[in-house]
Amino acid sequence: VQLQASGGGLVQAGGSLKLSCAVSERISSNYGMGWFRQSPGKEREFVAALRWNSGHTFYLDSVKGRFTISRDRAKNTVDLQMNSLKPEDTAVYYCAAGRNILSTIRSASSYNYWGQGTLVTVSS
């Protein structure tokens with residue numbers, strides 16, 4: 001399974017960006033799909049995730065109400081719409097896919113496949 005993340009870029013604070021993750025194979029119903037981010041000198045951080053079968057979503061508290069994760073079954077993609085961006089959102093964003101993820105959907109170690117990352121820079 002290969003994941004390809006795209007959509008990063010430079011945006012001013014308060015602006016919006018939409019990240020997209022294309023998956024090379026059909027996503028099975030038991031998969032969890034997530035977005036993580038990593039800033040220089042910091043550990044990789046959970047941002048958002050969803051269960052592919054139910055569409056149930058999970059968010060980092062600091063992005064709730066600003067970010068929205070969604071899936072497109074026909075296109076086999078997972079998107080992350082990011083609004084009201086802040087300088088502290090600056091990071092490399094990674095999409096990930098994992099099989100049979102239950103209660104640990106916020107944990108990076110639960111995911112089997114990772115995309116290459118896309119850089120999001122928010123200027124103040």
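The values are calculated or read from the model by the stated rules, or taken from the named source; none is laboratory data. The model shown is predicted, which means the values in this text are computed figures rather than measured ones. Glycine gets a Cβ as well: all are built from the backbone with ideal geometry, and neighbour counts include every protein chain shown. The area values use the complete protein model at the heavy-atom level, side chains included, leaving out ligands, DNA and RNA. Shrake-Rupley method; radii C 1.70, N 1.55, O 1.52, S 1.80 Å.
For region 67-124, state which trypsin sites (Lys or Arg not before Pro) are in a DSSP loop and have at most 16 other beta carbons lying within 10 Å of their beta carbon. Could the numbers behind the result be given before it?
Details: sites: R71, R73, K75, R99, R106; in loops: R73, K75, R106.
Those that pass, being in a loop and sparsely packed, are R73, K75.
May I ask you to derive the relative contact order of the chain, considering only C-alpha pairs under 8 Å and at least 6 residues apart, and to give it as an integer percent?
On the way: 315 pairs, mean separation 44.7, N = 124.
Over the chain, the number comes to 36 percent.
Specify the inter-centroid distance of region 88-124 and region 13-46, based on alpha-carbon positions, in whole Å.
For region 88-124 versus region 13-46, the Cα centre distance is 4 Å.
To the nearest 10 Å², what's S110's accessible area with a 1.4 Å probe?
In the full protein context, S110 sits at about 20 Å².
What relative contact order, as a whole-number percentage, does region 40-106 give when Cα pairs under 8 Å and 6 or more residues apart are counted? Before the final figure, lay out each step's value.
Values: 54 pairs, mean separation 17.2, N = 67.
Reported as a whole number, the value is 26 percent.
So what's the convex hull volume per residue for the Cα atoms of region 1-104, in Å³? Present the calculation step by step, with values, prior to reporting the outcome.
On the way: hull volume 10.6 nm³, N = 104.
Hull volume over Cα atoms, normalised by residue count, gives 101 Å³.
Check Y31: other-chain or 5+ apart residues with amide H under 5 Å from its amide H, H built from backbone geometry?
Hits under the 5 Å cutoff: W52, N53, N100.
Pairwise over distinct Cα atoms, reciprocal of the mean inverse distance: report the Kirkwood radius of region 58-124 in Å, one decimal place. Provide the component values of the computation, followed by the final result.
On the way: mean 1/r = 0.0742 Å⁻¹.
Across region 58-124, the inverse of the average 1/r is 13.5 Å.
If the label point is 7 Å along Cα→Cβ of Q38, which residues in region 69-94 have backbone nitrogen under 15 Å from it?
So the set is 91-94.
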